[in-house]
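Data first, discussion second: the structure below is written as structure tokens.
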Amino acid sequence: MSADRIDTETAHSARIYDYIIGGKDHYPADREAGDAMVREWPALPVHMRANRDFMNRAVRYLAAEAGIRQFLDIGTGIPTSPNIHEIAQSVAPEARVVYVDNDPLVLALSKGLMSGTAEGRTAYVEADMRDPAAILDAPAFRETLDLGEPVALTVIAIVHFMLDEHDAVGIVRRLLEPLPAGSYLAMSIGTAEFAPDEVGRVAREYAARGMPMRLRTLAEAGEFFTGLDHVAPGIVQVHKWRPDGTDTEVIRDEDIAMYGALARKAG
């Protein structure tokens, strides 16, 4: 991995997220951006941790209750334990995971995503979500996942960086298309419906750094799941999706700007 591919002078969404949730893989530009955003919305760390916890619960549900043994994770971000393969393989050691991201730093750190069980398998694809063919045609994808068996497609906290012209709904459908019946879609989707002023200010901070956002209403979030069968409780704020009682934080609805849901592809 060539270090000159990593732009350390410009804030990056994955590194801002890593900084705010307490990670260690970020640079001064990311810390400056994160601090500015938290000043605008002090609940931002609570929101981001709740999103991460939602992902963990969704993956555990998929592995333990839905019997899923294959995962395709889009927009992986900087490795933060527990990663998807750690959660899934703690339930089913034979679980397989393909991680996808287009950030050179994530690629540089991807060894942290490769330390799976002997029975299972993990792989990494460097690709942009906006080019589904690059993901679906990647040798690592084809060699790791068996499309004769269900796959869980996880798209966590990424589509709010996709504008209308990117057709996020169409892209998610294209990624789901080759997955067989019995596969699942797990998503978290940014919204400003619960704290419009505060989240709007955070969005402006992102946009000022070249990362414009498209925040969605509940109805717009629902478009991603058209034709799929929702797992109860359907589309809700991430902290309300099957809470397991392990969260010691008191979370107010107005502190969460993300919808979360899980849905199954019928036969």
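The values are calculated or read from the model by the stated rules, or taken from the named source; none is laboratory data. All values derive from a computational prediction rather than experimental measurement. Cβ placement follows ideal geometry from the backbone for every residue including glycine, while neighbour counts extend to all protein chains displayed. The accessibility values were calculated without ligands, DNA or RNA, using every heavy atom of the protein model including side chains. Shrake-Rupley method; radii C 1.70, N 1.55, O 1.52, S 1.80 Å.
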Interchain or long-range residues, amide H under 5 Å from F194's placed H: none
Interchain or long-range residues, amide H under 5 Å from R121's placed H: R96, V97
Accessible surface, per residue, of the chain when the full set of protein chains is kept, probe 1.4 Å, Å²: 43
Residue-span extension gain [T226 to A133] - 0.36 nm each, minus C-alpha spacing: 31.3 nm
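Hey, with R₀ at 41 Å, roughly what FRET efficiency would R242 and T10 work out to, going by the Cβ-Cβ distance, to 0.05? Mind dumping the intermediate values first?
Working: r = 37 Å, r/R0 = 0.90.
Taking R0 as 41 Å, the efficiency between R242 and T10 is 0.65.
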The chain - percent of accessible surface contributed by carbon and sulfur, probe 1.4 Å: 50
Percent of beta bridges antiparallel (DSSP, the chain, rounded to nearest 5): 35
Contour excess over end-to-end distance, with Cα ends at V250 and R39 and 0.36 nm allotted per residue: 74.0 nm
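By per-residue mean of other Cβ atoms within 10 Å, what is the highest-first order of 154-160, 175-181? Display every interim value, and only then the final one.
On the way: 154-160: 24.0, 175-181: 15.3.
Descending packing order for the listed peptides: 154-160, 175-181.
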Euclidean distance between Cα centres, region 100-156 to region 191-227, Å: 26
Ranked packing of 220-226, 182-188, most packed first, by mean Cβ within 10 Å: 182-188, 220-226
